[in-house]
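Asker: This is the structure, below, for whatever I ask next.
What follows draws every value from the coordinates through simple rules; no lab data is involved. Worth saying up front: this structure is predicted, and the values here are computed from it rather than measured. Here the Cβ positions follow ideal geometry from the backbone for every residue, glycine too, while neighbour counts run over all protein chains shown.
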Amino acid sequence: MKCIFIYNPVSGNGKMAKKLDVIVKGLKEKYDVVDTYATKCAGDMTVKAREAAAEYDAIVFSGGDGSFNEVLQGVGALENPPELGYIPSGTVNDIAHTLRIPKNIKKALKIITTGRMEALDCMKVNEDRYVMYVVAAGAFTSATYTTPQASKNHIGKIAYWFEGAKRNLKFQVFDVCCECASAEVCNHTHSVLISFMNSRYVAGFGLNKKASLQDGKIEVAIVPQKENPKFFSKVGALLSVAKLFLFGYKRKKRPTKSLISAEGDRFEVEVGDDVVWNFDGEKGISGKIHIEVVPKKVRMIVPKKLKRV
């Protein structure tokens, strides 16, 4: 079997480059051929993953959630994508937390060499963009892609909250119309945050702990707000966002003042052109989107004893 290891040399303070010999040696316990490739710029991981899919049985890669998303763009449209192995080295690593893949290199390698392959759901936005675990817009969602890399390296995920507080304390209030054929969501509301989730962790928090990457469903949380909020309404929205992250998403049969929730397999979402979406921690497109589940698309090596995917 042939394997290629693709890594982001910047992520994790350059740790992967320093441990390259250890990683190659570990992968050779399972694969006959192990090649390596260091990415050179944003988007390079997507290009290389797409090219490698035709030649290799497995793509092992390292980086954060953004790197995971780049690999997904490369293999998402393929009918028979290769199996993926993941060595997390980013700041938050939400996908790794969900799949119980540790940041420790030797432990992550052991999962790749002794783990089992599982077919995982992902999401598709507007027919051509693949997303693994979160599509979100509004309060704090820009922090993951506007926070300087140097700040991430020095103080970790706390840097996201500093950046989020700086940019988002004046919450943007935007119109939302969200429709789903299998669930009642909202025909129209004003909101400060909307999040579509396909995994248990978002921004380092166990936001959606009952989720599964194999149930064919997406969970959506919308924090509503008045169109022209006054001080106490702004405070209320801030508390609602904080409550969602601290205590997690709980599916409610009916909307409340602090949360509108639903689950389904596809959604049509109308927002203004000034509303920017966050795709797996990276800056995405703006405006109206269609989002749907792609069942069991991603062939991922997970821990052998992982009970719930």
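Asker: What does the net charge come to around TYR31 if you take all other residues with beta carbon closer than 11 Å to its beta carbon, with K and R at +1 and D and E at -1?
Answerer: After counting each charged neighbour, the total is -2.
Asker: Under 22 Å between alpha carbons, and skipping anything fewer than 8 positions from LYS30 in its own chain: which lysines qualify?
Answerer: Here the lysines satisfying the reach criterion relative to LYS30 are LYS2, LYS18, LYS19, LYS48, LYS103, LYS106, LYS107, LYS110, LYS304, LYS305.
Asker: Only Cα pairs within less than 10 Å get springs; with that Gaussian network setup on the chain, which residue of VAL71, VAL235, VAL298 has the largest fluctuation?
Answerer: The residue that fluctuates most here is VAL235.
Asker: For the pair VAL24/GLU227, report the inter-label distance in nm, with labels modelled 7 Å from Cα in the Cβ direction.
Answerer: 6.3 nm
Asker: OK, next. Distance check, please: which entries in LYS283/LYS307; LYS217/LYS252; LYS209/LYS296 exceed 23 angstrom between their Cα atoms?
Answerer: In this structure, LYS283/LYS307 lie more than 23 Å apart at Cα.
Asker: Sticking with the crude label model, points 7 Å out along Cα→Cβ, report the distance from LYS296 to VAL235 in nm, one decimal please.
Answerer: Modelled inter-label distance: 5.2 nm.
Asker: Any idea which of ASN93, MET45, SER182 is furthest toward the positive side of the dipole for the chain, if Lys and Arg beta-carbons carry +1 and Asp and Glu beta-carbons -1?
Answerer: After comparing all options, I get ASN93.
Asker: So which lysines pass the test for LYS230, namely a Cα distance under 19 Å, with those fewer than 8 places away in the same chain ruled out?
Answerer: Counting by Cα, and skipping residues close in sequence, LYS230 has these lysines nearby: LYS170, LYS257.
Asker: Moving on to the next point. Can you give the charge dipole size of the chain about its Cα centre, rounded to the nearest 20 debye, using +1 on the beta carbon of Lys and Arg and -1 on the beta carbon of Asp and Glu?
Answerer: Rounded to the nearest 20 debye, it is 1700 debye.
Asker: Could you work out the equivalent-ellipsoid semi-axes for the chain, taking the square root of 5 times each eigenvalue of the Cα gyration tensor, largest first, in whole Å?
Answerer: For the chain, the ellipsoid semi-axes come out as 34, 20, 17 Å.
Asker: If the elastic network links every pair of Cα atoms under 10 Å, which of PRO82, PRO255, PRO229 fluctuates the most in the Gaussian network model of the chain?
Answerer: PRO229
Asker: How high is the FRET efficiency from SER182 to ASN104, r the C-beta distance, R0 30 Å, rounded to 0.05?
Answerer: E between SER182 and ASN104, to the nearest 0.05, is 0.15.
Asker: Excluding PHE232 itself, what net charge comes from residues whose Cβ is under 14 Å from its Cβ, given Lys and Arg +1 and Asp and Glu -1?
Answerer: With Lys, Arg at +1 and Asp, Glu at -1, the neighbours total +4.
Asker: Give the separation of the Cα centroids, segment 170-202 to segment 234-309, in Å.
Answerer: 8 Å
Asker: To continue, here is another question. Calculated from DSSP H runs of 4 or more alone, at -39500 (n - 2.57) each and per residue, what is the 222 nm mean residue ellipticity of the chain, nearest 500?
Answerer: The per-residue figure over the chain is -8000 deg cm²/dmol.
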